[in-house]
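This report refers to the structure that appears directly beneath it.
The values are calculated or read from the model by the stated rules, or taken from the named source; none is laboratory data. Predicted model, so just to flag it, every value in this text is computed and none were measured. Here Cβ is always computed from backbone atoms with ideal geometry, including for glycine, and neighbour counts include all displayed protein chains.
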Amino acid sequence: MLSTLQTAALVAAGVAAGVVGTAGGITSSVSYPVLLACGLPALPANIANNVALVACWPGSALASQPELQGRGRWLSRWSVVAIAGGATGAALLLMTSDRAFGRIAPFLIAAGSLALLVEPRLTAWRRGRVDGHGSVVALAAPLFVISVYNGYFGGGSGIMVLTLMLVLVDQQLASANALKNMLIGASQVVCALAFVLAGSVAWAAAAPLAIGMLGGSTLGPRVARRLPVRLLRLLIVLVGFTLAAWLWFDPR
């Protein structure tokens, strides 16, 4: 049972994580360590985090209406790929022991931070190329693989999908970020459903975190239209690598 202070901390962390994640950052770099600080072991903390992340989907959709106009058919097609990958990742997570996940988590966080670090180089490479007709084929496999990762852990998966959108789909940050939020959200719903059906959710932690994320996610897309990208990227990368190092030396 969580105390009132811990519950309030989770709501606040949810707000911050919702803003960071839907603006193009790493949601779990904020929410996951707070769940650990509230006493949850690594695996239950990750599951609670994944379930709470569903709350970011409706909020970001409402705030991203200008960027999503005319994208309904495209999203319907590619959400199927994201959902399939998310379901696969959730199944793999449910077969992982808590001890094993505690050792894997630092590497997953570091991978998400690394994706954020290299994203500008990939985007610059894309801008230097002439648009071709292979993007539909090129998008399917990486989107599925990243969605598997999202279902398994999720930290940094938004950055990976955002990089994919910027490189292959839309070079405008706000538009690419809106598409990313919808694809991640679709993947997250099926993951959460799997965890709920498996009876693995620590609701006392997931519920207040979700409430905060719902509020924060309505602000994130607006922040993405105005954010100082370089500074935010460096701060998130620093937090991500610091968190990865901390979890490696102090696995939960």
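Criterion applied to ALA100, ALA91 was being assigned to a helix (DSSP H, G or I), without any contact (Cβ under 8 Å) to a residue 60 or more places away in the chain and surrounded by fewer than 22 Cβ atoms within 10 Å (Cβ to Cβ), and the one residue passing it is ALA100. Just one of (1) over 20 Å from VAL196 (Cβ atoms); (2) at pLDDT below 90; (3) of a type in the set (Gly, Ala, Ser) fails for SER76. It is (2).
Would you confirm whether any residue within the range 146-160 is on the phi > 0 side of the Ramachandran plot and modelled with pLDDT under 90? So far as the range 146-160 goes, yes, one or more of its residues are on the phi > 0 side of the Ramachandran plot and modelled with pLDDT under 90. Against the list (1) among the charged types (D, E, K, R); (2) at pLDDT 75 or above; (3) surrounded by fewer than 23 Cβ atoms within 10 Å (Cβ to Cβ), the condition LYS180 fails is (3).
Within the range 206-252, the set of residues being surrounded by 22 or more Cβ atoms within 10 Å (Cβ to Cβ) and at pLDDT below 65 comprises just one member, ALA224.
Checked against the criterion of being touching a helix residue (DSSP H, G or I) at 6+ places or on another chain (Cβ under 8 Å) and farther than 21 Å from LEU173 by Cα, the range 62-83 contains one or more residues that satisfy it.
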